[in-house]
Amino acid sequence: MSARGTSAPRPAARRRGDLVSEVRLALGSIVLVAGLAGCVTRSTAPPGPSGGAQTTTARTPPSPHLGQPFDVVPSDSLLVVLVYRAGALAAFGHNHVVSCRCISGKIYVPGDPAQASFDLRIPAGELTVDDPATRAAEHSADFPADVSQSAQQAVRHNMLTPAVLDAAQYPDIVLRAEGLRPSSDGKPGGIAARVLVQLRGEARSITVPVHYDLRPNEVVASGEFPLEQTDLGLTPFSTLGGALSVRDGLTVRFRLVARREN
């Protein structure tokens, strides 16, 4: 009797420990599923225009392509999107870095830079999640280097499914210029670009701050800005009554290098 009494709690303790581990893993996996748009689903009733976004029906036609074309060099260009966890159970998951060196397209520069335009494409299938070098470059406690490879693969897989980016049916995210204006800070080389974003068969317009450096044979454009997922007609991931969720706000950073066609 005493032997059974002393041995019985041990398996139970192990089971409780296993259960805690499984709960942590399950909750962590749910958060990990939420990368870039991998943490969002299409809204059943897309919100109306708010902030810098507007719907397809209200948007401005894309700008005409005038002037000298410059080809974007994917290997020299970089897109980074920072995705943040939220909710009371956020500690069970990670923030994520979604990135790619896969942007292609053209930038057109006429005599008047204010009439410049662009037509860019981002292949959804080439987006990466938590690339070690890109994640390490954040130099922040918000992005520690402890996301396993299996978790990265799981996030990326879910990000590309029909429920999220639907990369099979919509392989490209398309960005087109709708107009440029001087930046509000008045600094040289700064503009505010109105950008038409075509994502998952829907189109929204957002305003993006851009700093550019125009050289005889090269254009370098860069910027960093906050972006609400709802501005793209997406609904941030949320479950367990909001205790486990992803913040609506993302941080987007980019650097485009384009060179003159021969």
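Annotations for the structure displayed:
- Taking Cβ atoms as reference points and 10 Å as the exclusive limit, the residues near R259 contribute a net charge of -2, counting Lys and Arg as +1 and Asp and Glu as -1.
- Whether the stretch 159-200 is rounded, prolate or oblate, judged on the alpha carbon gyration tensor where a/c under 1.5 counts as rounded: prolate
Read-outs throughout are calculated quantities, based only on the coordinates presented, and are distinct from any laboratory measurement. Just so you know, these numbers come straight off a predicted model, no measurement behind them. Backbone-built Cβ (ideal geometry, glycine too); neighbour counts: all protein chains shown.
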